[in-house]
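First up is the structure itself, then whatever we jot down about it.
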């Protein structure tokens, strides 16, 4: 059992690789990378950071995770909206 796709993969790949959609994809990758970096930094330097610094880092990591989810949802929405309107 595989993933459910609405259309042929090569058509969707062309839509995902349009310049505007590619920028959204790269922004989402940057957001999740910052989230992962902050979480790893918290794990590595947990003993050396104050409670306030840890809370700030946790909040920032959560904020970037939310930004990632919004950007990814916008990307998927744009691609499938364009695919369905072309049909």
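Summary of computed values
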item	result
Test: residue in region 47-56 that is modelled with pLDDT of 95 or more, surrounded by 13 or more Cβ atoms within 10 Å (Cβ to Cβ) and out of contact with any helix residue (DSSP H, G or I) (no Cβ under 8 Å at 6 or more places or on another chain)	yes
Residues satisfying the stated conditions in region 35-85, i.e. free of Cβ contacts under 8 Å to residues at least 24 places away in the same chain and within 30 Å of residue 9 (Cα to Cα)	36, 66, 69, 70, 73, 76, 77, 81, 85
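The values are calculated or read from the model by the stated rules, or taken from the named source; none is laboratory data. Keep in mind that this is a model prediction, so the values were computed, not measured. For neighbour counting, all protein chains shown are included, and Cβ atoms are generated from backbone atoms with ideal geometry for every residue, glycine included.
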